[in-house]
Amino acid sequence: MKREKSTSPKRNTVHRKIPGRAAAAPLVFLLLLFVLLTAAVIRQAVGDRIPANKAAAAGSTLAGRSGVTSEGGGQAQYFGPRMFVPDASQVSESSVLPCIYLETEGEIGDSYGAARILITENLSGEEATVYEGGTQIKLRGNSTRWRDKKPYKIKLANKADLFGMGGSKHWVLLANDIDHTLIRNKLVLDFARSVGMENASRSVLVSLYLNGRYEGVYQLTEQIRVEEHRVEIHDWEDAFGERKALPAEEVEDDGVPQTGGFLLEADFYSPSDAKLSHLITAFKQPFYFNTPEYVRFDTELYQYTKDYIQSFEYALHASDHTYHAADTHYEGRGDYYDYSAGVWRSTVTESDYHSQRFDGMHYTQLFDMDSLLQNLLICEISANWDCMKNSVFLYKDTEGPAYMGPPWDFDWAFGNINMYNIDTWIPTKWQTTCGYFTREQYYQSVQWNRYLIRDPYFVMRFYELYHAVRETSVQDLLDAAEGYESYLAYDGAKNDERWGYTYTERYYSGVRPGDYGESCERLQEFLTQRIAWMDRQFADYETLLASLGAYVPDREITGELLEVTAKGDARVTVSLGAYGDRAKSAELQIGGTGRMELPLSKDGTATAKIPAELLRSGGNVVEIRPVDDEGQYLYPGDKPDIPAVSGLLTFELP
């Protein structure tokens, strides 16, 4: 959609001096009350507003955070709040954004410095105060902190519920400096909430004025942290405090088991920081404890977390997707990236890890299946350079499984022209399997999504999720990408006037747009191509399985559904073909955790009745593995970390 760039703003730039008076003044109180009464407008800016004609669909969530994929394979629905979709036909001729005015007492650095802040909402062209008072401010980010348009972390003097995002002192101002559309992070975070990632950060696009100078369009967003309205898990930081470790006797008195209450982040910058509590997996996933920060001083919680994450990783590598303490486990090391072949050359050796704590647990018993599916969908829709590399969060409370998320950092998504001459315009390949996306770090070549898609049951659930959200959340994403170009036409042009020189920086690769409008058109072009390509890959389950290519059933091993009984049991027959001479039995793995072992007849076949309780409405997946007389699976060779041979039987039940 072509839009003319606005070069002459129709409203004079406002440089407001932040008053020193407290926000509790009567006039300010009345204005704040007015803002609260206009919450629908505010929520629209946040992206959580649900239009009346979509309220029923948007509210259809399933209990217990389970079952995010549609029963029956693809009934269109929303699993979270519908994302804000601006009207593409309405081109803004003045600012539509709230304003943040900051006045600092000195330069902004790596440590907090004092400042005053005023936040106003733009309501029908008038500014209404949302928050006013003291704050602290510092730089944040990794590579982006060195840019001219810098990102900031702010800590308000008092907890405040800004724009309906929940009360907190802690907020982030994303500069989105390398994203000239200004909306990539906004689009992905809103999309993530729409597909059910309830902890994805809410955000509002704002105009920032720093010490009287216009600094451009920023994104005010929730900080990822353990806190009410954010990641709501047990907070050990309150107990650890300044002592850095909780005495064992106090743990017992507190009555809270040390079986969770952690928020981890993966980041390749983190291993060099000696202050952090690190947790590096056998295949070099570089996690550290975001919370509790000082967990390395508490042996019990640290060891529990280490065993939990390592058992999950080994479950992903296992042929039956289950952690077995007695198995031979491996660890990997990247030697070098082979640019000519597009792969990492690595060394895999045996590990001495044999923790008994989570023996026999399938990966879906350790991590919430829905969050794993949502995370993969977000990585693939966005084709983000940093997915499963940096800013990868996961968390676990003291009870229940771990969850992927909250998602974060998507300014390199949707084929954005990239820093360091990295060209990410790859709309027709899987982000998970494309070798180009692994070139920075070895652990990207063995990242978890690459092993999840070795499970054909996971692929079935992925297939169902995509079809469940294709006409709802995915279509909204396409529409929002177009609508924001018009919605932010004035503000985007104004941001260009402040930062337009960044379009010609020497270390950007790919096709370089010339202004805000062209940048939006490039994003829309990529997203349109991306979704069209994904639609073709999701044409049917078999097409998706073959396209991902991580699981290839052995054609010697076959199965057939004979009938479904009146009680809902499924009678099936299996044949091991050429493997029949080497096998004593056939193991059936049904829908992840269901198991049956069938003795073989002389011709290498078996017939069985799969109980209804092991089946599901929708797509059923049965992996068939030969088992020898020593109870071991059969393998295609002696190369380490290669799955056992298996065949596949799939069928659909109403």
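The values are calculated or read from the model by the stated rules, or taken from the named source; none is laboratory data. Everything quoted here is computed from the prediction, not taken from an experiment. Neighbour counts run over all protein chains shown; Cβ positions are idealised from the backbone, glycine included. Calculation scope for accessible area: heavy atoms of the full protein, side chains included, ligands and nucleic acids excluded. Shrake-Rupley method; radii C 1.70, N 1.55, O 1.52, S 1.80 Å.
Evaluating residue 107 against the criteria (1) open to solvent by 20 Å² or more (accessible area, probe 1.4 Å); (2) out of contact with any strand residue (DSSP E or B) (no Cβ under 9 Å at 6 or more places or on another chain) leaves one unmet condition, (2). Checking each residue of the stretch 197-211 against the condition of being surrounded by fewer than 21 Cβ atoms within 10 Å (Cβ to Cβ) and either free of Cβ contacts under 8 Å to residues at least 24 places away in the same chain or of a type outside the set (S, T, N, Q) (or both) gives at least one match.
Report, by residue number, each residue of the stretch 390-408 that is surrounded by fewer than 24 Cβ atoms within 10 Å (Cβ to Cβ), more than 10 Å from the chain's Cα centre (by Cα) and closer than 30 Å to residue 256 by Cα. Correct list: 397, 398, 399, 400, 401, 402.
Within the stretch 492-506, is there a residue that is under 25 Å from the mean Cα position of the chain (by Cα) and more than 30 Å from residue 608 (Cβ to Cβ)? Spell out the reasoning first.
Initially, the stretch 492-506 is screened for residues under 25 Å from the mean Cα position of the chain (by Cα), giving none.
Among the residues of the stretch 492-506, not one is under 25 Å from the mean Cα position of the chain (by Cα) and more than 30 Å from residue 608 (Cβ to Cβ), which makes the answer no.
Among the residues that make up the stretch 546-557, is at least one of them under 23 Å from the mean Cα position of the chain (by Cα) and either at pLDDT below 95 or part of a helix (DSSP H, G or I) (or both)? Yes, because at least one residue in the stretch 546-557 is under 23 Å from the mean Cα position of the chain (by Cα) and either at pLDDT below 95 or part of a helix (DSSP H, G or I) (or both).
Can you give me the number of residues within the stretch 289-308 that are assigned to a helix (DSSP H, G or I) and either of a type in the set (D, E, K, R) or in contact (Cβ under 8 Å) with a residue 24 or more places away in the chain (or both)? Give the derivation first.
Looking only at the stretch 289-308, we keep the residues that are assigned to a helix (DSSP H, G or I), and these are 295-297, 299-308.
Right, trim to either of a type in the set (D, E, K, R) or in contact (Cβ under 8 Å) with a residue 24 or more places away in the chain (or both) and you get 295-297, 300-302, 304-308.
Selection size over the stretch 289-308: 11.
Consider the stretch 231-266 and keep the residues that are at pLDDT 90 or above and of a type in the set (Asp, Glu). The one that is least open to solvent (accessible area, probe 1.4 Å) is 265.
Filtered by the rule that a residue be in contact (Cβ under 8 Å) with a residue 40 or more places away in the chain and loosely packed, with under 12 Cβ neighbours inside 10 Å, the stretch 350-366 gives a lone residue, 350. Among the residues examined, residue 328 does not qualify as under 23 Å from the mean Cα position of the chain (by Cα) and at negative phi. When only residues in the stretch 305-321 that are over 20 Å from the mean Cα position of the chain (by Cα) and acidic (Asp, Glu) count, which is farthest from residue 394 (Cα to Cα)? That would be 320.
Can you find even one residue in the stretch 383-393 that is in contact with a Leu (Cβ under 8 Å, 6 or more places away or on another chain), under 23 Å from residue 425 (Cα atoms) and aliphatic (A, V, I, L, M)? No, the conditions are met nowhere in the stretch 383-393.
Just checking, does the stretch 367-378 include any residue being under 20 Å from the mean Cα position of the chain (by Cα) and either surrounded by fewer than 17 Cβ atoms within 10 Å (Cβ to Cβ) or part of a strand (DSSP E or B) (or both)? If you could, list the steps in order and put the result at the bottom.
In the first step, residues of the stretch 367-378 are kept if they are under 20 Å from the mean Cα position of the chain (by Cα); the result is 367-378.
Within this subset, residues satisfying the condition of being either surrounded by fewer than 17 Cβ atoms within 10 Å (Cβ to Cβ) or part of a strand (DSSP E or B) (or both) are 367.
Within the stretch 367-378 (the criterion being under 20 Å from the mean Cα position of the chain (by Cα) and either surrounded by fewer than 17 Cβ atoms within 10 Å (Cβ to Cβ) or part of a strand (DSSP E or B) (or both)), the answer is yes, since at least one residue qualifies.
Going through (1) touching a strand residue (DSSP E or B) at 6+ places or on another chain (Cβ under 9 Å); (2) in a loop (DSSP other than H, G, I, E, B); (3) modelled with pLDDT of 95 or more one by one, residue 311 falls short only on (2).
The set of residues in the stretch 267-276 that are touching a strand residue (DSSP E or B) at 6+ places or on another chain (Cβ under 6 Å) and either in a helix (DSSP H, G or I) or at pLDDT 90 or above (or both) comprises 270, 271.
Looking across the stretch 153-196 at every residue that is open to solvent by 10 Å² or more (accessible area, probe 1.4 Å) and in contact with a Pro (Cβ under 7 Å, 6 or more places away or on another chain), the one that is nearest to residue 504 (Cα to Cα) is identified as 180.
Of the residues in the stretch 637-654, how many are without any contact (Cβ under 8 Å) to a residue 12 or more places away in the chain and farther than 16 Å from residue 321 by Cβ? Reasoning before the result, please.
Filtering the stretch 637-654 down to residues without any contact (Cβ under 8 Å) to a residue 12 or more places away in the chain leaves 637-639, 642.
Next cut, farther than 16 Å from residue 321 by Cβ only: 637-639.
Result for the stretch 637-654: 3.
With respect to the stated conditions, residue 498 fails to be within 30 Å of residue 280 (Cβ to Cβ), in contact (Cβ under 8 Å) with a residue 24 or more places away in the chain and either open to solvent by 20 Å² or more (accessible area, probe 1.4 Å) or touching a Leu at 6+ places or on another chain (Cβ under 9 Å) (or both).
Condition first: in contact with an Asp or Glu (Cβ under 8 Å, 6 or more places away or on another chain), open to solvent by 20 Å² or more (accessible area, probe 1.4 Å) and at positive phi. Can you find one or more residues in the stretch 463-471 that meet it? No, that holds for no residue. Of all the listed residues (476, 411), the sole one being open to solvent by less than 20 Å² (accessible area, probe 1.4 Å), in contact (Cβ under 8 Å) with a residue 12 or more places away in the chain and outside any helix (DSSP H, G or I) is 411.
Pairs meeting the criteria (first residue in the stretch 615-632 and without any contact (Cβ under 8 Å) to a residue 12 or more places away in the chain and open to solvent by 30 Å² or more (accessible area, probe 1.4 Å), second residue assigned to a strand (DSSP E or B) and small (Gly, Ala, Ser), beta carbons under 9 Å, at least 6 apart or on different chains) are 631/585.
Cβ-Cβ distances below 7 Å connect the following pairs, each with a first residue in the stretch 426-455 that is in contact (Cβ under 8 Å) with a residue 24 or more places away in the chain and closer than 15 Å to residue 546 by Cα, a second residue that is crowded, with 23+ Cβ neighbours inside 10 Å and among the aromatic types (Phe, Trp, Tyr), and a separation of six or more residues or different chains: 452/458.
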